[in-house]
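The values are calculated or read from the model by the stated rules, or taken from the named source; none is laboratory data. Here the structure is a predicted model, which is why all the values come from computation and not from measurement. Methodologically, a virtual Cβ is constructed for each residue, glycine included, from the backbone with ideal geometry; neighbour enumeration extends over all protein chains shown. Accessible surface areas use protein heavy atoms only, side chains included; no ligands, DNA or RNA. Shrake-Rupley method; radii C 1.70, N 1.55, O 1.52, S 1.80 Å.
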Amino acid sequence: PRSLHPMEVVFVVNGHVCIRQDLPHVWLHKSRVIGISADMEGLESFKEFSQVNTIAAGCGGLTSKGVDEGAQAWVVPNTLCVVEDPSQSGVLNCLPRTLGVPQREEKDPWTFAASIFRDYSQDDEVVSSNCLEADWHNGRLGQIIRTEAARNEIVDCLGSIYKQVMLAYWWEAYGNLEYPEQVAGVSMYDFRGLLARYGGEGRGALLDGQSCKGSDCDCIFVASNVVDRNRRADFNILPQRALSRFQFLEAVVRISIRRFLNTGGPTRDLPPSLYRHAISSMLQISNLGADLVKLRDDLHEELFTENCDKMFAEYEEILRPIFNHFKSDKNNNVVKIKKHKKKTLSYSGWIQLLKAGQVIDEDFTVQSAGHAFALARELRTDEISNTRHMELSWSEFLVAIAAVVKLMALAEGEETASIALADLLDDFLTTHMQEAFDSLGKSGKTAEGEYVQLQGLLARLYAELNTKSSTGHGKVSLRMFHQCFERPSTKLELSKCRLSQAEVAVVCSTLALQVRERQGENVALFGNDDVSFEEIIACVMQIKQALKGYDRAIAYIERTFDDFDLDKSGTLDSAEFQRLLEEPTLQRKLTSIGFDKQDFQNIFEVLKDDESIAISMEQVAEGCMCLRDCSFAARRGLRLLQRHFVKSNRGAAKGSLSKEQVLSDFYVPEITERLVSMHLTPPDWSMMFDELDVDGSGDLSWEEISDGMLAFWQNTWRPRS
């Protein structure tokens, strides 16, 4: 029927009454019931509904189209509902409408060639074969194995597995490098240790004590380490008192001949097949370097993926400055053949970088760092003309970071090693690489260099003010200095030296207090607020040291302070400050530097004298200095212990812990390191438990732990320098 009134429509889909969400719909004043066929026997079931769609009815849009002779089909474009005339029932044939297939945006598949790793040369059999060819040529094996047939047998035997030999050499050379500035090589002691570790010692082992003894290894080492006098000029770079890679190949071949051909020295006239037998037997009994090939291949397989690519791309803005700083000439102390602009990171710079990121410790040692360096290196033919094999390119640097993460995970056990590499990288980059980046400063300078820059700026400003001063005794008015700090150009220069406006305010107020204390009533009498340059420098350095570690949080709060200062008063009342503390990004910043929003809440509580007082950025900075106080540090330490206490108690704040639980949950590196970072002394938990368990119950409640630790820290507290 023709009508301008909307029709009420419901849809029955698979026996359910429903409405379309993309059409107008209304609620009915009273629910209605509709009968629908429930089965093939025609039995009706009744469904209740309280919402309907509303659609406009009309007669337009019907178009007759012939399909077959004597048949008509009606095409109804863009029409949802057709009401047919009951007297002509069956004229219209209703067919399901054709649904358009949503077009998905095609995404280009991830490729290595388009990734952040694209410049990394992946392992290739051709390169490995070229390395073998070069090492054979550089060494003296041609003098030992004279026949072409014997040479071909050995090269053919080693060709497919020479990558193993090279990785075994690198692992030993970089892992046992005594001084980072040296050229890597395998020493006599490490050569014997490597053979014993892979081939074993004793009857049937590589070092069987008969055909091949430990002293034989030393003799072979010495013989292989000799360089012909007429060829010394060909080698620009050789390790001191250690085997280079081509010498290592010679030593491995010599050991094989000594052990499995049972000869007293190099034999030049044996059948070629015996040389193959000797090399094959040595590789079979030792499987030299096979474990390292698997480790390297697994690393590449896990690393060269879209997720890891995205992770490194996300952190590239801090990784690039780190790489650029530590690749500078002052961090590359290995002798250079010719001067050129550094594009690579030396082994020495690599070690310094990891130390700056607080990666190297008693668990992950310098030796482990060398192993990561070895895993990251590209296969390169030349290791004798320059120090490129002692350096990492940008792409190798990324692989080295992943190697560090992989080795750390393997050391921690199967549970950690099973975590996706991208997730482990995220944690590592967030903590250690952020730590390394923070050590550089915003302009890539070290913290010490940044202080020098700040002192230079203050000296220039002081000299400018001193020329305008009329005192004539080498001092300037504190008011003049404060006014100078308020200039926009000065603020910009100070910010580049990482001295925030909040810190400037604290410096001025501290200097004013020092002047009043020094001159007492004379200040009021003569109005003399002059300060010397030495006093200003001493005060600034004192403030910077006191706020060390908190400056990032203060700087962030300062940037967002105005957003939460709704009345633009320059201060925050309790409600405004509370909203600031709830800001998610701020909470992450606070957590990353070791304290949370409760610390700032404590600052607010300490500084306010009544309900109406508000807090300024200057007071935030002053409050951070108060965190150096024992009561604040102890409170943070107790919160750390309480979280672990609750976790051990299966989420309950009440209960108790046995001695075994205390030792296993509290005597862990995570807690020890956090307590040390708070300048709290970690206790001897075993002795502490016995002393706090006064009733001899064999367990401690949270009250006993918190009371005891608070007293312990109050008596062992040392103010932060």
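If only residues of the stretch 348-405 that are part of a loop (DSSP other than H, G, I, E, B) and among the β-branched types (Val, Ile, Thr) are counted, the one that is nearest to Glu435 (Cα to Cα) is Val359. State which residue is farthest from Tyr198 (Cα to Cα) when the search covers only the stretch 152-182 and only residues that are open to solvent by 20 Å² or more (accessible area, probe 1.4 Å) and of a type in the set (Val, Ile, Thr). Ranking the candidates gives Val155 first. Of the helices (runs of 4 or more DSSP H) lying entirely inside the stretch 255-325, none contains at least 3 residues that are of a type in the set (Phe, Trp, Tyr).
Does Ala369 meet the test of being crowded, with 23+ Cβ neighbours inside 10 Å and not charged (D, E, K, R)? Taking the combined requirement at face value, the residue satisfies it. Close Cβ contacts (under 8 Å, 6 or more residues apart or on different chains) running from residues in the stretch 129-152 that are under 19 Å from Ser256 (Cα atoms) and among the charged types (D, E, K, R) to residues that are open to solvent by less than 50 Å² (accessible area, probe 1.4 Å) and in a loop (DSSP other than H, G, I, E, B) comprise Arg140/Asp228; Arg151/Ile145.
Scanning the stretch 161-202 for residues that are part of a loop (DSSP other than H, G, I, E, B) and within 36 Å of the chain's Cα centre (by Cα) turns up Ile161, Asn176, Leu177, Glu178, Tyr179, Pro180, Glu181, Gln182, Val183, Ala184, Gly185, Ser187.
Would you mind telling me which numbered condition in (1) at pLDDT below 70; (2) assigned to a helix (DSSP H, G or I); (3) open to solvent by less than 40 Å² (accessible area, probe 1.4 Å) Gly549 fails? Among (1) at pLDDT below 70; (2) assigned to a helix (DSSP H, G or I); (3) open to solvent by less than 40 Å² (accessible area, probe 1.4 Å), the lone unmet condition for Gly549 is (2). Each residue in the stretch 9-27 was checked for being in contact (Cβ under 8 Å) with a residue 40 or more places away in the chain and under 54 Å from the mean Cα position of the chain (by Cα), and 1 of them qualify. Taking the criterion of being of a type in the set (A, V, I, L, M), at pLDDT below 75, open to solvent by 90 Å² or more (accessible area, probe 1.4 Å) and not in a strand (DSSP E or B), would at least one residue in the stretch 2-16 satisfy it? Yes, that holds for at least one residue. Per the listing Ala233, Ala290, Ala223, the residue uniquely open to solvent by 20 Å² or more (accessible area, probe 1.4 Å) and within 30 Å of Ala376 (Cβ to Cβ) is Ala290.
Residue count for the stretch 683-699 satisfying the condition of being aliphatic (A, V, I, L, M) and surrounded by fewer than 16 Cβ atoms within 10 Å (Cβ to Cβ): 2.
For Leu425, indicate whether it is surrounded by 21 or more Cβ atoms within 10 Å (Cβ to Cβ), touching a residue at least 60 places away in the same chain (Cβ under 8 Å) and among the hydrophobic types (A, V, I, L, M, F, W, C). In short, yes.
Sub-7 Å Cβ pairs linking a first residue in the stretch 566-583 that is over 16 Å from Val620 (Cβ atoms) to a second residue that is surrounded by 15 or more Cβ atoms within 10 Å (Cβ to Cβ) and not hydroxyl-bearing (Ser, Thr, Tyr), at least 6 apart or interchain, are Leu566/Glu576, ordered by first then second residue. Is the stretch 511-527 home to any residue that is surrounded by 15 or more Cβ atoms within 10 Å (Cβ to Cβ), modelled with pLDDT of 70 or more and not in a helix (DSSP H, G or I)? No: zero hits. How many residues, within the stretch 306-316, are under 20 Å from Pro109 (Cβ atoms) and either surrounded by 19 or more Cβ atoms within 10 Å (Cβ to Cβ) or modelled with pLDDT of 95 or more (or both)? Total satisfying the criteria: 4. If we keep just the residues of the stretch 233-254 that are of a type in the set (D, E, K, R) and more than 14 Å from Asp218 (Cα to Cα), which is nearest to the chain's Cα centre (by Cα)? Among those that are of a type in the set (D, E, K, R) and more than 14 Å from Asp218 (Cα to Cα), it is Arg245. The residue of the stretch 376-392 that is surrounded by the fewest Cβ atoms within 10 Å (Cβ to Cβ), among those that are among the aliphatic types (A, V, I, L, M) and closer than 13 Å to Arg245 by Cβ, is Ile384.
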